[in-house]
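The values are calculated or read from the model by the stated rules, or taken from the named source; none is laboratory data. Predicted model, so just to flag it, every value in this text is computed and none were measured. Counting neighbours? That spans all protein chains shown, and the Cβs are built from the backbone with ideal geometry, glycine included. Surface areas here come from the heavy atoms of the whole protein model, side chains and all, with no ligands, DNA or RNA. Shrake-Rupley method; radii C 1.70, N 1.55, O 1.52, S 1.80 Å.
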Amino acid sequence: MNSAEVLARQVMHRIDELSAISETPGILTRRYLTAEHRRANELVGHWMSGAGMDTWQDAAGNIIGRYDSAQGNAPALIIGSHLDTVVNAGKFDGMLGVLCGVACVQALFQTGRRLTYPIEVIGFADEEGVRFGTTYLGSRAVTGQLDPSLFEQTDAAGISFRQALIDFGLEADQIGQAARHADDVLAFLELHIEQGPVLEALGRPAGAVTAINGQTRLSVTITGEAGHAGTVPMGLRRDALAVAAEGVLAVERECDGNDDVVGTVGILRVTPGAINVIPGEVTFTVDIRGKDDVDRRNVVAEVSRAVREAAEQRNCFVQISVLHEAVSAPCAERMIKIIERAIATVGFEPCRMPSGAGHDAAAMAELCNVGMIFLRSERGISHNPAERTSEEDVTAGINIMMKVLDEMEGY
Ligand code: GLV
Ligand code: MN
Ligand code: MN
């Protein structure tokens with residue numbers, strides 16, 4: 001086995017070990033600022049130390065390892081991805097990028113090699129946004145772009161982001177300390193599973209990402225009136241679920257036929273939720289993504305209009321709040337070219353592709369140039385326990401990342 005193969009095998013074992021840290025036994029769920037988040041940070045911090053890095057947890061709960069350069073205090077290349085997961089997640093989403101970053105530093109450390117720039121590997125604390133509905137909380141703290149109004153956003157149990165930070169041993173007022181200065185950062189590099197079927201269809205292990213699509217997340221609450229399922233005539237009802245159903249179909253209709261915008265309703269809560277009661281209140285989420293920000297915003301406006309119209313027809317009230325909004329984020333052309341050359345040097349045909357999924361790189365693009373390496377996902381499956389990337393492709397990913405690190409010496 002060559003050294004990349006040995007490191008890839010270690011990454012696969014570590015992924016298994018990390019995936020055992022879950023809020024729910026038997027499935028993988030690890031949300032921001034939970035006991036499991038802390039345990040994951042401790043384990044990854046331990047691996048970072050073993051790879052020769054100085055390690056600390058920042059004011060937002062991100063775990064960071066730093067491997068100094070040969071000379072002076074040059075700007076650092078940040079390599080990162082996330083350690084939080086969706087509910088009943090796959091184990092490669094996010095974690096693979098962090099562990100490949102650690103593996104590459106380990107390869108340098110084992111041969112006593114220092115580069116002309118320092119490397120920092122970051123395991124971001126919140127990319128999925130599962131707990132508070134708004135995403136990239138870890139990476140936005142690093143860019144210094146975290147809006148203080150977010151501290152009052154609450155999770156499903158009514159715990160505010162502010163309180164969750166306190167429970168974790170952190171302080172909302174101190175989160176600014178996680179922010180990095182653009183002058184101290186050379187660039188940001190993220191390796192991630194593709195989470196889609198394109199590379200597999202092309203028969204290639206890796207690709208260079210061109211841009212990360214923009215996204216809007218909404219929370220929509222419809223208020224009607226609960227009533228007896230047997231006695232209230234159909235024409236006199238104020239059925240909140242019927243309005244929500246129109247909303248779900250509006251999302252599908254507005255995105256259908258638009259190749260570049262996709263929309264999803266992932267959560268629907270019906271109150272009171274009984275077989276013989278007309279739904280009095282419904283809350284649902286909407287997630288709309290696209291590469292063109294104008295197209296995406298038009299779809300959001302049309303969906304909002306359709307929901308309001310349906311509510312008016314049924315004499316219901318509607319409240320729409322924007323949980324999260326991120327513009328489409330381009331990768332730096334220079335980084336794309338470096339990644340393409342690295343893929344070719346390792347022996348594969350390079351290709352370029354946009355990312356439909358959100359990534360920490362989208363937030364980090366506010367701070368510095370970003371580049372992303374995608375690795376092939378088996379059957380394109382992600383956000384699903386069946387998510388997988390082969391050990392062979394992880395080996396390719398480590399080799400590609402090492403080549404990128406070489407080239408970044410001239411950046
Ligand atoms: C994160 O994976 C997202 O794209 O929602
Ligand atoms: Mn994800
Ligand atoms: Mn991810």
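Just to be sure before I move on: is A396 within 16 Å of ligand 1 (Cβ to nearest atom), part of a helix (DSSP H, G or I) and touching a Leu at 6+ places or on another chain (Cβ under 9 Å) in the structure I sent? Steps first, please.
On the way: within 16 Å of ligand 1 (Cβ to nearest atom): no; part of a helix (DSSP H, G or I): yes; touching a Leu at 6+ places or on another chain (Cβ under 9 Å): yes.
No: the conditions fail for A396.
Could you check how many residues of the range 254-278 are out of contact with any strand residue (DSSP E or B) (no Cβ under 6 Å at 6 or more places or on another chain) and closer than 26 Å to N384 by Cβ? Steps first, please.
First, pick out the residues of the range 254-278 that are out of contact with any strand residue (DSSP E or B) (no Cβ under 6 Å at 6 or more places or on another chain): 254, 256-259, 272-277.
Those still in the list that are closer than 26 Å to N384 by Cβ too: 254, 256, 258-259.
Of the residues in the range 254-278, 4 are out of contact with any strand residue (DSSP E or B) (no Cβ under 6 Å at 6 or more places or on another chain) and closer than 26 Å to N384 by Cβ.
Look at L165 and say whether it is part of a helix (DSSP H, G or I) and within 16 Å of ligand 2 (Cβ to nearest atom).
No.
Can you list the strands (runs of 3 or more DSSP E) lying wholly within the range 42-120 that have 3 or more residues being open to solvent by less than 10 Å² (accessible area, probe 1.4 Å) and among the hydroxyl-bearing types (S, T, Y)?
On the way: elements: 54-57, 63-67, 76-82.
Counting at least 3 such residues, we get no strands (runs of 3 or more DSSP E) at all.
For the range 232-268, which positions are in a strand (DSSP E or B) and of a type in the set (D, E, K, R)? Even if it seems obvious, please write down each step before you answer.
First pass over the range 232-268, keeping only residues in a strand (DSSP E or B): 238, 261-264, 268.
The answer is R238, and nothing else.
Which one is modelled with the lowest pLDDT, of the residues in the range 130-153 that are touching a strand residue (DSSP E or B) at 6+ places or on another chain (Cβ under 6 Å) and open to solvent by less than 10 Å² (accessible area, probe 1.4 Å)?
Restricting attention to the range 130-153, the residues satisfying the condition of being touching a strand residue (DSSP E or B) at 6+ places or on another chain (Cβ under 6 Å) are 133-135, 138-139, 152.
Add one more test, that the residue is open to solvent by less than 10 Å² (accessible area, probe 1.4 Å), and what stays is 134-135, 138-139.
Working: T134: 86, T135: 90, G138: 98, S139: 97.
Looking at residues that are touching a strand residue (DSSP E or B) at 6+ places or on another chain (Cβ under 6 Å) and open to solvent by less than 10 Å² (accessible area, probe 1.4 Å), I get T134.
Checking T116 against (1) within 16 Å of ligand 2 (Cβ to nearest atom); (2) more than 17 Å from Q57 (Cβ to Cβ); (3) in contact with a helix residue (DSSP H, G or I) (Cβ under 7 Å, 6 or more places away or on another chain), which test does it fail?
Tallying (1) within 16 Å of ligand 2 (Cβ to nearest atom); (2) more than 17 Å from Q57 (Cβ to Cβ); (3) in contact with a helix residue (DSSP H, G or I) (Cβ under 7 Å, 6 or more places away or on another chain), T116 fails exactly one: (1).
Please return the ranges of helices (runs of 4 or more DSSP H) entirely within the range 269-367 where 1 or more residues are under 25 Å from D155 (Cβ atoms).
Working: elements: 293-313, 333-346, 360-364.
In the range 269-367, the matching helices (runs of 4 or more DSSP H) lie at 293-313, 360-364.
Quick one: which of A332, A365, A386 is within 29 Å of A178 (Cα to Cα), modelled with pLDDT of 95 or more, surrounded by fewer than 23 Cβ atoms within 10 Å (Cβ to Cβ) and among the small types (G, A, S)?
A332
Quick check: anything in the range 370-387 outside any strand (DSSP E or B) and without any contact (Cβ under 8 Å) to a residue 24 or more places away in the chain? Talk me through it step by step, then tell me what you get.
Residues of the range 370-387 that are outside any strand (DSSP E or B), as a first pass: 376-387.
Filter once more, so that each one left must be without any contact (Cβ under 8 Å) to a residue 24 or more places away in the chain: none.
No.
Scan the range 131-146 and give yes if some residue there is under 30 Å from T395 (Cβ atoms), of a type in the set (D, E, K, R), within 16 Å of ligand 2 (Cβ to nearest atom) and part of a loop (DSSP other than H, G, I, E, B), otherwise no.
Scanning the range 131-146 turns up no residue that is under 30 Å from T395 (Cβ atoms), of a type in the set (D, E, K, R), within 16 Å of ligand 2 (Cβ to nearest atom) and part of a loop (DSSP other than H, G, I, E, B).
So, in the range 368-383, how many residues would count as being farther than 18 Å from V346 by Cα and either away from ligand 2 (no atom under 13 Å from the Cβ) or surrounded by fewer than 23 Cβ atoms within 10 Å (Cβ to Cβ) (or both)?
Of the residues in the range 368-383, the ones farther than 18 Å from V346 by Cα are 368-370, 377-383.
Those still in the list that are either away from ligand 2 (no atom under 13 Å from the Cβ) or surrounded by fewer than 23 Cβ atoms within 10 Å (Cβ to Cβ) (or both) too: 368-370, 378-383.
The total comes to 9.
Looking at the range 29-37, is at least one residue away from ligand 1 (no atom under 16 Å from the Cβ), closer than 26 Å to L150 by Cβ, of a type in the set (A, V, I, L, M) and surrounded by fewer than 19 Cβ atoms within 10 Å (Cβ to Cβ)?
Within the range 29-37, one or more residues are away from ligand 1 (no atom under 16 Å from the Cβ), closer than 26 Å to L150 by Cβ, of a type in the set (A, V, I, L, M) and surrounded by fewer than 19 Cβ atoms within 10 Å (Cβ to Cβ).
Give the residue that is most open to solvent (accessible area, probe 1.4 Å), with candidates limited to residues of the range 172-210 that are among the polar types (S, T, N, Q) and either under 20 Å from A59 (Cβ atoms) or assigned to a loop (DSSP other than H, G, I, E, B) (or both). Outline the logic, then answer.
Keep residues of the range 172-210 that are among the polar types (S, T, N, Q), which gives 174, 177, 195, 210.
From the residues that got through so far, the ones that are either under 20 Å from A59 (Cβ atoms) or assigned to a loop (DSSP other than H, G, I, E, B) (or both) too are 174, 177, 195.
Values: Q174: 82, Q177: 134, Q195: 37 Å².
Ranking the candidates gives Q177 first.
Of the residues in the range 363-385, how many are farther than 20 Å from I338 by Cβ and within 16 Å of ligand 1 (Cβ to nearest atom)?
8
Only one of these is under 22 Å from the mean Cα position of the chain (by Cα), within 29 Å of V102 (Cα to Cα), within 16 Å of ligand 3 (Cβ to nearest atom) and not aliphatic (A, V, I, L, M): E194, E200. Name it. Reasoning before the result, please.
Numbers: E200 fails: within 16 Å of ligand 3 (Cβ to nearest atom).
Exactly one residue qualifies, and that residue is E194.
Could you please find all residues in the range 279-302 being crowded, with 23+ Cβ neighbours inside 10 Å, in contact (Cβ under 8 Å) with a residue 60 or more places away in the chain and touching an Asp or Glu at 6+ places or on another chain (Cβ under 8 Å)?
Result: G290, single match.
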